[in-house]
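All remarks here apply to the structure that follows.
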Amino acid sequence: MNMIPRLPVDMPAAADTVDIPAYTASGNERFLFEKAWEWRLPLLLKGPTGSGKTRFIAHMAARLGLPLFTVVCHDDLSAADLTGRHLLKGGETVWVDGPLTRAVREGGLCYLDEIVEARKDVAVVLHPLTDDRRILPLERTGEVLAAPPAFMIAVSYNPGYQNLLKSLKPSTRQRFVSISFDFLPREQEIMVVAQESGLDEGAVAPLVDLARRLRTLKGQDIEEGVSTRLIVYAASLIAAGLPRAEAVMAAIIEPLTDEPEIKAGLAEVARAMLA
């Protein structure tokens, strides 16, 4: 199939009245997002939980002045939840658009967080929107909506957490431009946590070092590494006056596992590193 490049569309200016969520770039992800937007390319974000994927989307949507339609995917999420359904209102049956349909009709960024958690029929709905057709067929209303230039779709997932039953098929994955996310380098992560929590960088540094140590246990004792979000929670509690040991236990250790033995082992690592 011959690929005919599309002419770039004008990029909207972010509204002056919109607060842009803080985001610290670790590479050229902002540039890639902007080019994907200009050329109307679907975008896939890959990376561990808490590595900044959702914050990045909110940041870029605000930066470009795009309406943002966010859907947190789960096991029961179906195609109808995205496209819409007929509902009974005031004794009449009316069609109500889902978030994906609204984004296509109105223009904006539709973001599906953790796409692999959704049911399989969701991918089928996305396919005609993520190729050169850029259409959304609505079987229940008989409509075929053409996505306007101001529409963009982005999805995310955590490759390290998927299994045989929950993975993104190659036929779906290869429809997207992809950006890989990871945790920030140490010095950047310290700076971000300090800014978000109000705790000074000297007090934040040991927390970041502990998190980086615990991340090496991912796939062994714990399923997921410590997210930057959890470090911010711990630092915020410390800044609010909670003793450091209690803050670390509540915001870092406890969220990682429910297994008493593993929890005790992680707490011992924390005590040794924070002594």
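All of the numbers you see were taken from the coordinates with simple rules; none came from a lab. The structure displayed is predicted, hence computed values, not measured ones. Cβ sites come from the backbone with ideal geometry, for glycine too, and all protein chains shown count toward neighbours.
Summary of values
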{"item": "Among Pro42, Pro243, Pro159, residue whose mean-square fluctuation peaks in a GNM of the chain (springs only between Cα atoms under 10 Å)", "result": "Pro243"}
{"item": "Full-extension gain in nm, Val144 to Lys35, via 0.36 nm per residue minus C-alpha separation", "result": "36.6 nm"}
{"item": "Full-extension gain in nm, His127 to Glu268, via 0.36 nm per residue minus C-alpha separation", "result": "45.9 nm"}
{"item": "Label-point separation in nm, Asp258 to Val72, each point 7 Å along Cα→Cβ", "result": "1.8"}
{"item": "Relative contact order (%) - the chain, alpha-carbon pairs under 8 angstrom, separation at least six", "result": "19"}
{"item": "Total charge dipole magnitude, the chain, about the Cα centre, Cβ charges on Lys, Arg, Asp, Glu only, Debye to nearest 20", "result": "780"}
{"item": "Inter-label distance, nm, simple model (7 Å from Cα along the C-beta direction), Ala22/Glu92", "result": "4.9"}
{"item": "Acute angle (nearest 10 degrees) that the helix 29-38 long axis makes with the longest principal axis of the chain, alpha-carbon atoms", "result": "10"}
{"item": "Amide proton proximity set for Leu145, modelled H, under 5 Å, gap of 5+", "result": "Leu136, Leu138"}
{"item": "Distance in nm between pseudo-label sites at Glu187 and Asp209 (7 Å out along the Cβ direction from Cα)", "result": "1.7"}
